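Accompanying notes for the structure given below.
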Amino acid sequence: MEHAFPCGNPALDFVGTLRARRNDEPAEMLGSPRSLDAWFRESGVTGADPGSTAADLAGAIAVREAIYALVAARLVGHEYDPEALTLLNEAAAQPDAVPQLTRTGLQVRATAAQALSTVARAAITILGGPDADLLKECGRPECTQVYLDHSRGSRREWCAMATCGNKMKAAAYRARRRGNPPLTPSRQS
């Protein structure tokens, strides 16, 4: 697999295709129409590559950034950017991906616009519903992945334990061994 899906939600995992977005040189995971097709297929939004074009890629990146802007505004309690709202709603207004039952089982077919509509609708469901209160951004400074915190007591600090959680715990262990324990992300503010 070319892409990672730590959140289990297509909208939030899609936002994560620009990794380390606060770094001087963030890592763009959607560098070509082929990588966009791979993301749609690997995420399960489609069952096959939709055949994305360069224009589809540009539109998908614009929608991704609109979703991130809306999530970031929600996280800090700011009003939503009207342009980001318009872009997200326009993407969601397109026809959705079409599931079909075949002799071999479920197949989801979609154009790039339909696949992007599925992602946009997932973002609207989060931002417009009760899950919006569960949104968090990963506590590892180099990571900007957003996720839904369903943990007991809402104490989760990392997007995924297997990646960021392990790195933060290893860094904390090394710091304790040197005699200077770091602050946990929740205490750094």
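The values are calculated or read from the model by the stated rules, or taken from the named source; none is laboratory data. Predicted model, so just to flag it, every value in this text is computed and none were measured. No Cβ is skipped: glycine too gets one built from the backbone with ideal geometry, and neighbour counts run over all protein chains shown. In case anyone asks, the SASA skips ligands and DNA or RNA and just uses the protein heavy atoms, side chains included. Shrake-Rupley method; radii C 1.70, N 1.55, O 1.52, S 1.80 Å.
For region 61-78, backbone nitrogen atoms closer than 14 Å to the point 7 Å from Ser154 Cα along Cα-to-C-beta are found at 74-77.
Each semi-axis of the equivalent ellipsoid for region 14-72 is √(5λ) with λ an eigenvalue of the Cα gyration tensor; in descending order they amount to 20, 12, 11 Å. Structural descriptor for region 1-155: relative contact order 26 percent, calculated from alpha carbon pairs under 8 angstrom and at least 6 residues apart. All alpha carbon pair distances within region 1-133 were sorted into 10 Å bins beginning at 0; the resulting P(r) in whole percents reads 13, 44, 33, 8, 1.
Hey, what's the chain come to in accessible area per residue, 1.4 Å probe, Å²? Write out the running numbers ahead of the final one.
On the way: 10530 Å² over 189 residues.
Accessible area per residue, the chain: 56 Å².
Placing R0 at 25 angstrom, the Cβ-Cβ distance between Gln100 and Glu65 gives a FRET efficiency of 0.20 after rounding to 0.05. Distance between the pseudo-spin-label points of Glu90 and Ala73 (7 Å out from Cα toward the beta carbon): 1.6 nm.
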